[in-house]
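Notes for the one structure printed next.
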Amino acid sequence: MTHFDDLETRSSDAREAAQLAALNAIRKMQGTEQLSDLSALATLPVLRKAELSARQKANPPFGDLKVGQIVHYFQSPGPIYEPGGVSHDWWRMGRFLHALGVGKGDIVQNCFGYHLTPAGMIFENGARAVGASILPAGTGQTELQVRAAADIGTTAYAGTPDYLKVILEKADEMGERLKITRAAVSGGALFPSLRQWYSDRGIACLQCYATADLGNIAYESLAMEGMILDEGVIVEIVRPGSDRPVPDGEVGEVVVTSLNPDYPLIRFATGDLSAIMPGASPCGRTNRRIKGWMGRADQTTKIKGMFVRPEQVEQLVARHDEIARARVVASREGEMDVMTVQIETRATNPALYEASIVATLKMRGHVELMPPGALPNDGKVIEDRRTYD
């Protein structure tokens, strides 16, 4: 079977209709009004981690969010608490493992953590969804991991991108030849050189983009052209500090709506940067793709002793219809901080924006006017160029 299910190859119209129906079913459960189409999602507020944490503290453990049938309670740094279920492909990780070629007859050495955080259970649930067996290895004790992999005959690895290399090098030291031919990785950077190192050893290595709150968001297929969005989520890219979607191709913050009725999160901001890619994957999966992780969206920076946040930059843009985008640049002149505000606009008089800058950013700064499209497409709204050597 080439694809995990028929959902992966449906038309965009069929996908949007199904997602709208699932979203409205969740909103009915929550007692909120129905949406006429998916574009109306952009009118709803974005839920950020700080707000979720505050809501959980006020009403533990999951805040005022309605939670369905769950069997696990997890804790991530913050702390933020996440529920977990054991029904078929609850975190939707099976779709990714199937794309890698993992299935019945495989034994997955699961080196994600099993304590407090959900990563271990996320990948175990996915392995079960594709009919694979699991060695719940967790992290550390590399020599024992090699011994178990050799004795049991594990064929696939799940874990951070770099730890498999540690296992394989230890196996070389011990004179063991492991049978691992596929690696499902997440939770760290997969550098091209590391992927090639695995390839040279006959191991296909693919990565997914997942979080403890949402499960699988996007994943690579063997085509390795971007990351395909999972069928159980709606992904928007918004300008950092705002709740407004940006045009396809522009870098911004990843905002995800999870359609899991047991734990629906509506417009949850991940804090990560990415961008929508044009077209569809050559592997035949028709959902949209993102470029993968491109940095962090929370670019809060202290300038002249004052914190400047992305939301403040967004407030500046919102004050003037003619401003396309803006960026705050922190630099130094001698021992003094300098704030420059770069503004994309067709206006020619910097003085037009001085009062708004003081009102929103709470300090004065140099104003640099730039033509629309002049700022880099990197998702940055605050750039710190200072060095402390």
Q: Enter the Cα centre distance for the pair the range 115-164 and the range 184-212, rounded to the nearest angstrom.
A: 15 Å
Q) Using Cα-only point scatterers and the Debye equation, what is log10 of I(q)/I(0) for the range 179-269 at each q in 0.19, 0.20 Å⁻¹, rounded to two decimals? A) -0.95, -1.00
Q: Give the calculated FRET efficiency between Glu333 and Arg296 to the nearest 0.05, with a Förster radius of 22 Å applied to their Cβ-Cβ distance.
A: 0.20
Q: Assign one of three labels to the range 93-221, namely rounded, prolate or oblate, based on the Cα gyration tensor with a ≥ b ≥ c the square roots of its eigenvalues; rounded applies when a/c is under 1.5, prolate when it is not and a/b is larger than b/c, and oblate otherwise.
A: rounded
Q. Where does helix 119-129 land angle-wise versus the long Cα axis of the chain, in degrees 0 to 90, nearest 10?
A. 50 degrees
Q) Looking at the range 1-65, which GluC sites (Glu not before Pro) are DSSP coil and have at most 16 other C-beta atoms within 10 Å of their C-beta? A) Glu33
Q: Run a plain Debye calculation on the range 34-108 (Cα atoms as equal point scatterers, no solvent) and give log10 I(q)/I(0) at q = 0.18, 0.22 Å⁻¹, rounded to two decimals, same order as the q list.
A: -0.96, -1.04
Q: Enter the Cα centre distance for the pair the range 1-46 and the range 53-97, rounded to the nearest angstrom.
A: 21 Å
(Q) Could you work out how much longer the chain between Asn59 and Asp248 gets when fully extended? Use 0.36 nm per residue separation minus the Cα distance between them, nm to one decimal. (A) 64.3 nm
Q: Answer with one residue from Gly78, Ala99, Gly68: the one whose Cα lies farthest towards the positive end of the charge dipole of the range 49-146, charges on Cβ with Lys, Arg +1 and Asp, Glu -1.
A: Gly68
Q. Taking the Cβ of Val86 as the center, what net charge do the other residues with Cβ under 13 Å away carry, scoring Lys and Arg +1 and Asp and Glu -1?
A. -2
**Q.** Debye log10 I(q)/I(0) for the chain, one point scatterer per Cα, at q = 0.12, 0.14 Å⁻¹
**A.** -1.01, -1.24
Q | About the Cα centre, charge dipole magnitude for the range 156-244 (Lys/Arg +1, Asp/Glu -1 at Cβ), debye | A | 200 debye
Q: Taking the dipole about the Cα centre of the range 250-327, with the C-beta of Lys and Arg at +1 and of Asp and Glu at -1, give me whichever of Tyr263, His320, Val308 is farthest to the positive side.
A: Val308
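Let me spell out the model: positive unit charges on the Cβ of Lys and Arg, negative unit charges on the Cβ of Asp and Glu, origin at the Cα centre of the chain. What dipole size does that give, in debye rounded to 20?
300 debye
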**Q.** Carbon + sulfur, % of accessible area of the range 1-112 - ligands and nucleic acids excluded, 1.4 Å
**A.** 56 percent
Q: Show the residues, 5+ positions off or on another chain, whose built amide H is closer than 5 Å to the amide H of Ala218.
A: Tyr209, Asp230
Q) Which value results when the Cα radius of gyration for the range 323-389 is divided by 2.2 N^0.38 Å? A) 1.13
(Q) Give me the dipole magnitude in Debye, nearest 20, for the range 19-124 about the Cα centre, with unit charges on the beta carbon: positive for Lys and Arg, negative for Asp and Glu. (A) 140 debye
Q) Can you flag which of Lys304/Lys380; Lys104/Lys179; Lys28/Lys49; Lys165/Lys380; Lys302/Lys380; Lys179/Lys291 are past 26 Å Cα-Cα? A) Lys165/Lys380; Lys179/Lys291
**Q.** Cα lying deepest toward the dipole's positive end in the chain, options Gly140, Leu206, Met370, charges on Cβ
**A.** Gly140
Q: With everything on Cα atoms, drop me the angle between helix 163-174 and the longest principal axis of the chain, reported from 0 to 90° to the nearest 10.
A: 40 degrees
(Q) Taking just the alpha-carbon atoms of the range 146-232, what radius of gyration and Dmax come out, in angstrom? (A) 13.8, 43
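The values are calculated or read from the model by the stated rules, or taken from the named source; none is laboratory data. Everything quoted here is computed from the prediction, not taken from an experiment. For neighbour counting, all protein chains shown are included, and Cβ atoms are generated from backbone atoms with ideal geometry for every residue, glycine included. Only protein heavy atoms, including side chains, enter the accessible area calculation; ligands, DNA and RNA are left aside. Shrake-Rupley method; radii C 1.70, N 1.55, O 1.52, S 1.80 Å.
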